[in-house]
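Bear in mind these aren't lab numbers, they're just calculated from the coordinates by the rules spelled out. Computed from a predicted structure; not experimentally measured. No Cβ is skipped: glycine too gets one built from the backbone with ideal geometry, and neighbour counts run over all protein chains shown.
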Amino acid sequence: MACCFPWCTSEEAVRRKHVYEIRDYGRVVTSVGANECVSSAPFSVGGYDWAVRFYPHGVQNAEPGYASAFVKLLTPGATARASFKLTLLPWSSSGSRRGQAIKLCPRKFGGVGGYTAWGRWSFVKTTKLESPAFLLDDTVRIECDITVFVKRKPAAVTAVPSAPPSELPADLGKLMTTDSGGAPAPDVLILVGGESFAAHSLVLWMRCRELYDMATAASSSCVTIAESDVQPAVFRDLLRYIYTEALPDMDGLGTAQTIEKLRALLTAAVRYKMDRLKLVCESALCASLDARTVVATLAVAEQLHLTTLRSACIKFIASSASQIE
């Protein structure tokens, strides 16, 4: 299957196995509550730091009586592509008892639309985990077999000075602050659902002609947008992108919240004819499809007539029909 990430064309696979021993299991079970975890020490694979997180009483979406396990990317600000297999290891080497295992195909971790952690809500039944085959001397073991796909280093070439990144987004972003001394004052006021947003008509002319046309067509410098068109929080993210080309900060959000935010921003991008933002959101959603959210994402793709996103959703559903919620 071809990779859907444009930056992974020249990669090499770096693989490592790490065994997380959860000692004093009895104490862990009594001291850790539902939706709480214990974590392995960080381990490095492919230049990134990772950890195994174990939830003895499961996470919110786990089936009753199941423990949960996840692999988490720890490196701040990193974007990585990795696959892994989590296995509950039996203590006997006879092979008569097979450990519980889950395997994940390559996924994007970190960055826009990527996951900070991935695993299985219902990893293993507690009764199985606490059986003598897997619990010995109050210790259980989970093996993480992880493969990280990293860019191959190019052959050595003569170093040449590289051009610095464009400072235009950062400079335009300064116009959004009230303390950017001496900067031109906003000349357009946009009202959305009772909240007001100041903007510069020149920036709107450069970055979003739809909003600029609305501003110039108004009888005053104040433009009112119906809340049915866009929510204030979404418009704030849209305006921030207009000035800085930056997506909203989604660190700390769960997978479902991140995808919901991307869908809302995608809808606004289509509504105000911001083609680049539309492609950015559509690409991020294609890379973030999962069983819990794919149906709602498909509905948005149908509504907005987005053939690429629609095709990706249908292919995902066809390949994961038994997991769709």
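General observations
- A Cβ-based charge dipole, computed about the Cα centre of the chain with Lys and Arg at +1 and Asp and Glu at -1, lands at about 1300 debye.
- Taking the longest Cα principal axis of the chain as reference, the axis of helix 275-286 is set at about 10 degrees.
- For the chain, a Gaussian network of Cα nodes joined below 10 Å ranks Ile102, Ile259, Ile142 by mean-square fluctuation, and the top entry is Ile102.
- The mean sequence separation of alpha-carbon pairs under 8 Å and at least six residues apart, normalised by the residue count of segment 166-246, gives a relative contact order of 35 percent.
- Computed over the alpha-carbon pairs of the chain, the distance histogram in 10 Å steps reads 5, 21, 25, 22, 16, 8, 3, 0, 0 percent, short to long.
- Taken about its Cα centre, segment 254-325 carries a charge dipole of roughly 240 debye when the Cβ of each Lys and Arg holds +1 and the Cβ of each Asp and Glu holds -1.
- The chain: angle of helix 294-304 to the longest principal axis, Cα-based, in degrees nearest 10: 20
- Annotation: amide H-H contacts under 5 Å for Glu227 (H modelled 1.01 Å from N, sequence separation of 5 or more, or interchain): Gly193.
- Rounded tilt (10° steps) of 307-319 against the dominant C-alpha axis of the chain: 10
- Choice from Thr116, Thr293, Thr307 showing the highest fluctuation, given a GNM over the chain with Cα pairs closer than 10 Å: Thr307
- Between the listed residues Gly33, Gln303, Ala13, the Cα displaced farthest toward the positive end of the dipole of the chain, a dipole computed from Cβ unit charges relative to the Cα centre, is found at Ala13.
- 18 Å Cα-Cα threshold exceeded, pairs from Lys72/Lys103; Lys103/Lys153; Lys72/Lys153: Lys103/Lys153; Lys72/Lys153
- Each Cα pair under 8 Å and six or more residues apart adds its separation to the average, and for the chain the resulting relative contact order is 14 percent.
- Simple Cβ-charge dipole of segment 25-172, Lys/Arg +1 and Asp/Glu -1, about Cα centre, in debye nearest 20: 580
- Computed helical MRE - 222 nm, the chain, DSSP H runs ≥ 4 contributing -39500 (n - 2.57), nearest 500: -9000 deg cm²/dmol
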